[in-house]
Structures are given as structure tokens and as C-alpha cells.
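**Student:** One structure follows; several queries about it will come next.
The values are calculated or read from the model by the stated rules, or taken from the named source; none is laboratory data. All of these numbers come straight from a predicted model, not from anything done at the bench. Because the Cβ atoms are built from the backbone with ideal geometry, glycine has one as well, and the counts that use them run over all protein chains shown. We work out accessible area using only protein heavy atoms, side chains counted, and drop any ligands, DNA or RNA first. Shrake-Rupley method; radii C 1.70, N 1.55, O 1.52, S 1.80 Å.
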Amino acid sequence: MAGTANGGAKAGCCGAAKGPGYATPLEAMEKGPREGLLYVTCVYNGTGIDKPDYLATVDVDPNSATYSQVIHRLPATHIGDELHHSGWNACSSCHGDASTSRRFLILPSLLSGRVYVVDTAKDPRAPALHKVVQAEDIAEKTGLGFPHTSHCLASGDIMISCLGDKEGNAAGNGFLLLDSEFNVKGRWEKPGHSPLFGYDFWYQPRHKTMISSSWGAPAAFRTGFDLQHVQDGLYGRHLHVYDWPGGELKQTLDLGSTGLLPLEVRFLHDPSKDTGYVGCALTSNMVRFFKTADGSWSHEVAISIEPLKVRNWILPEMPGLITDFVISLDDRYLYLVNWLHGDIRQYNIEDPAKPVLAGQVWVGGLLQKGSDVVYVTEDDTEQQYAVPQGHRLRGGPQMIQLSLDGKRVYVTNSLFSRWDEQFYGPDLLKKGSHMLQIDVDTEKGGLTVNPNFFVDFGTEPEGPSLAHEMRYPGGDCTSDIWI
């Protein structure tokens, strides 16, 4: 989003003309339209249904006759992709460049290595396949495999984090560059500057910094989670600090035992700010990273979700397992999910170093009423959480997206098909995902499930599917970066 072939500023990008997105995060929040559609990656891989994954279009306009329904499905070309995350070909980083437009949605396939390019402009309600970047082409030219996070550069290039080589070894991970025609250009990082592990990344151009996180070796996580693999060093606990746009690894932050499996990483939206957060799944901590007086980067635990003592589970204690979070465009609130515990939390982060819990709601999880698992209080009482009535909620809150105005949170419940099966079994894998919408009190704080919105992916025409990341056609809180 701020780049030449390696991410530098494009000539004329910040001129007077109007390109995609918004001039500032606050303009997006105050003037952006209410969302009417959501694009959702949906997975059949690993479910026993021998069909391609697909991109679903969900109607989220409450005034529409098809509100809260899947209105279109675009299948992938192959079986076994594991569609996961997505990103745009252009966003607010090039708002000043009238020659660019937010048209193509990029869909990396986590397991097959393919990258699908989807045209959303011809008919936003029924996107069409534009191009497929084959895994063999990517591997031959870069050695990379297991593509994950996609961000656009102002040059028109696309940058995608890749979690390993084509065999699944973490040592081969790095960052893929595609040009504006979605041809493979090469790697972004300088030779010898690949991270220890790959996963997510975010950059803050005014501070000339990109920070990436580290899930683990694909050879380990694709077969299911094994705690021994953590002890064997097959999962990450580091943040990697890169020079932007140069691609030189400047610093590696070891998060230690408090930062196991650091996943989603986000700076504050204000491009002048030099701080952000990463959600560390296994230890269930939100770690804040920040620039110090000498120009180096440091970190501290900002939010800690305590594990719960449980019975009838695989371990005596259950972590929350923070798997996703979003930050409101005014940098006032942070929302996180605990996939295993089953709650969504809202924190006031007006003081980024001291988040304050402002809202909480339970929307599934292993500890909901009716589950076999119970948590045990200090006085040895067995308890479970009450969840909204009306629908049996499968799985736990996993991916979230926030409306531009900060008043609605959308949530899906699938993490990764193999892990879905391992932790939630047939209840999720065979019955499918669902999507909920949570109403947000942005004045006093508070979260409430909207009883009129429920998308059941268990009733899909080809059979129950697993829903993951969500995107709005006009950009959102996790797709756009400002320069």
C-alpha cells in the first residue's frame, strides 16, 4: 500500500485526485457508508464434502428482502485449497491516486498455495473469478508456499505473507510480491532476511516499519495442534521488525513464554502512531509493541486472559485462545475473541498501555450451557456460560470484522478445518459455521447480539461449510492502511 516493487511511494499517489478508500481513518468512520454486503471465505476442505471452497456474498442490509442470507457463491477451481484470509488490490493508502480502484479481492489458499483473484466490480453481489496464480509458479520463482495475509502496495503490487516452502518447512517462509496484473515478481524481503516463522503483517509507513508475526511451521499445524510441537520449537513466539519499504530485518522481538503463537498483528490506524498489538493465541495475551526513545522497538503485555480451571477437557486448564482482534477506526476500542472460552470482549484503548474492559458477550465456545465441559470456580463450583437463545451456537467466536462506524461487529466461528475438527469435533465440522452480528455501544461500552441476524452455513446447497474471514466491498478496519 505504500510501494514501488518493494513498497516505496508511487509518484503522484498522494495528489489531489480521489482514488480508493478515504483520506483518513476518521473520514472512513464518519463518512463511509453502512455496509450492505460481506464477502466471506467458506471452506469444504477437511469436512468430508468433496467440493471446492468458495467465496460467499452475504446480504447485511437490514432493509433488503434477502437480509442475513447468502445471495451468491463463487466456487474455487480446485478441491483442497483451504481458503482463509483475503485482501484488496488497492485501498486507502492510495486514496490520492485516481488511476487506481478497489476492484479485485485476493484469496490466498493456505494449503494448496494457489492465489485466486476475484473481480468484485462488474457485479458486487455476484463476484467473478478473474485469475488464478498457480502454486507451482509461485514455488518455482520464489520457493514460497502456504500463502496467508494479503496487503496491497501503492505501486499496484500485492504483498502476501507465506508461512513456509512448498513442503511446509518454516525455514522457507517469506513475503511474495505479485504485480498489478497478478504475475509473480519475487520476494519482498532482502535475501537472508526471512522471518523465523510467518503469519500476519502490518506496516506503518511514517515510521518506516513493518512488523510480522509467527504462527508456526505448516508441516506442524496442518495436521492438528500438538503441544509437543510447541516444546519442539515448531511454533513461533516472535515479532519481526522490518525496515519499510526496504525489506531488511532490523529487529526480532522474543515475546517469551507470555507470547506463544502470536497471530494477528495491527498498528493503530492513525498513521502517526508508533504502537500496535498482536494477539498471542496460546498464552491468550494481547501484547502491545511500541517504538522506544532510541528508535528500537519493545513490547509489553497489555491484556491477559487468564486460563480457566476446567473438567471433562483434554487439559486441566483451558486458555481463551485469542485468534483475532480488530481496532475501531478512531483507535478508541479494541475487540478480541476467545475461540475456546467463547466470548467477545471490547476494550477501551484510549490509553494504549492500559486497556479497560468495556463490554463482553458469550457467543458459543466449549463452556456454553449444554456442553460436556465445565469451568470450576475458586469455591469448586461447576459453571457454564449462558449464550443467546434462539440458535444453538456451534464452535466459538473466531474471526471478527467491525463496521466503519464502529457500531456493528460481525463474527464467524471457523479457525482452520483440521483445528475445528480437533477442538470442536463433528458439532462444527459436520453442521457447519454460522455468522452473527453484535451491536456495539460506542458511548458507554457494551456488546449485544442482534437477534434478527443469523447466517447458517449449515444449510448451504452443497452441504455445511466452514466460514472464516469477512470483507466489505469498500474496505474495512483490517484491510486498509493509511500513509
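**Student:** Tell me, what ³J(HN,Hα) does each residue in the range 377-383 have, in order and in whole Hz, if you take phi through Karplus 6.51 cos²θ - 1.76 cosθ + 1.60 with θ = phi - 60° and put x for Gly and Pro?
**Tutor:** Values per residue, Gly and Pro as x: 7, 4, 8, 6, 8, 7, 9 Hz.
**Student:** OK, next. How large is ³J(HN,Hα) for each residue in the range 433-450, as worked out from phi by the Karplus curve 6.51 cos²θ - 1.76 cosθ + 1.60 (θ = phi - 60°), to whole Hz, x for Gly and Pro?
**Tutor:** Result, ordered by residue: 7, 9, 10, 10, 10, 10, 7, 10, 8, 8, 8, 9, x, x, 10, 9, 5, 6 Hz.
**Student:** At 222 nm, what value in deg cm²/dmol follows for the chain if DSSP H runs of at least 4 each add -39500 (n - 2.57) and the sum is divided by all its residues, to the nearest 500? All intermediate terms of the calculation are to be shown ahead of the outcome.
**Tutor:** Details: 6 runs with 36 residues, N = 483.
-1500 deg cm²/dmol, from helical runs alone.
**Student:** Oh, and also: Calculate the length of the line joining the C-alpha centroid of the range 213-282 to that of the range 347-421, in whole Å.
**Tutor:** If you average the Cα positions of each part, the centres end up 23 Å apart.
**Student:** Debye sum, Cα scatterers, the range 25-471, no solvent: what log₁₀ I/I(0) at q = 0.06, 0.07, 0.13 1/Å?
**Tutor:** The Debye formula, applied to the Cα set alone, gives -0.22, -0.31, -1.23.
**Student:** Report, ordered by chain and residue number, the lysines lying within cross-link reach of residue 141, taken as a straight Cα distance under 24 Å and ignoring same-chain residues fewer than 8 apart.
**Tutor:** Cross-link targets: 131, 166, 185, 190.
**Student:** Follow-up. In whole Hz and in residue order, list the ³J(HN,Hα) couplings for the range 146-160 that follow from phi through the Karplus curve 6.51 cos²θ - 1.76 cosθ + 1.60, θ = phi - 60°; x for Gly and Pro.
**Tutor:** Karplus values, whole Hz, x for Gly and Pro: 6, x, 10, 8, 10, 10, 8, 10, 5, 6, x, 6, 10, 10, 10.
**Student:** Next question. Decide, for the range 329-429, between rounded, prolate and oblate: order the square roots of the alpha carbon gyration tensor eigenvalues as a ≥ b ≥ c, take rounded if a/c falls under 1.5, and otherwise choose prolate if a/b is larger than b/c, else oblate.
**Tutor:** oblate
**Student:** Quick one: pull the percent of accessible area on the range 25-471 belonging to carbon and sulfur, 1.4 Å probe, ligands and nucleic acids left out. Intermediate values should be presented prior to the final figure.
**Tutor:** Values: 7550 of 15870 Å².
The nonpolar share, carbon plus sulfur, comes to 48 percent.
**Student:** Taking the solvent-accessible surface of protein heavy atoms with a 1.4 Å probe, what is the per residue accessible area of the chain in Å²?
**Tutor:** Working: 17220 Å² over 483 residues.
Ligands and nucleic acids excluded, the figure is 36 Å² per residue.
**Student:** Full-extension gain between residue 300 and residue 78, please, as 0.36 nm times their residue separation minus the C-alpha to C-alpha distance.
**Tutor:** On the way: separation 222, 0.36 × 222 = 79.92 nm, distance 4.30 nm.
Value of the extension gain: 75.6 nm.
**Student:** State, to one decimal in nm², a quarter of the convex hull surface area for the C-alpha atoms of the range 69-160, i.e. the direction-averaged projected area.
**Tutor:** Its Cα hull, projected and averaged over all orientations, spans 6.6 nm².
**Student:** Still on this structure: How far is it, in nm, from the label point at residue 450 to the one at residue 292 when both lie 7 Å from their Cα along the line to the Cβ?
**Tutor:** 4.5 nm
**Student:** Protein chains only, probe 1.4 Å: how do 114, 332 rank by accessible area, largest first? Walk me through the numbers before you get to the answer.
**Tutor:** Working: 114 35, 332 60 Å².
Greatest to least solvent exposure: 332, 114.
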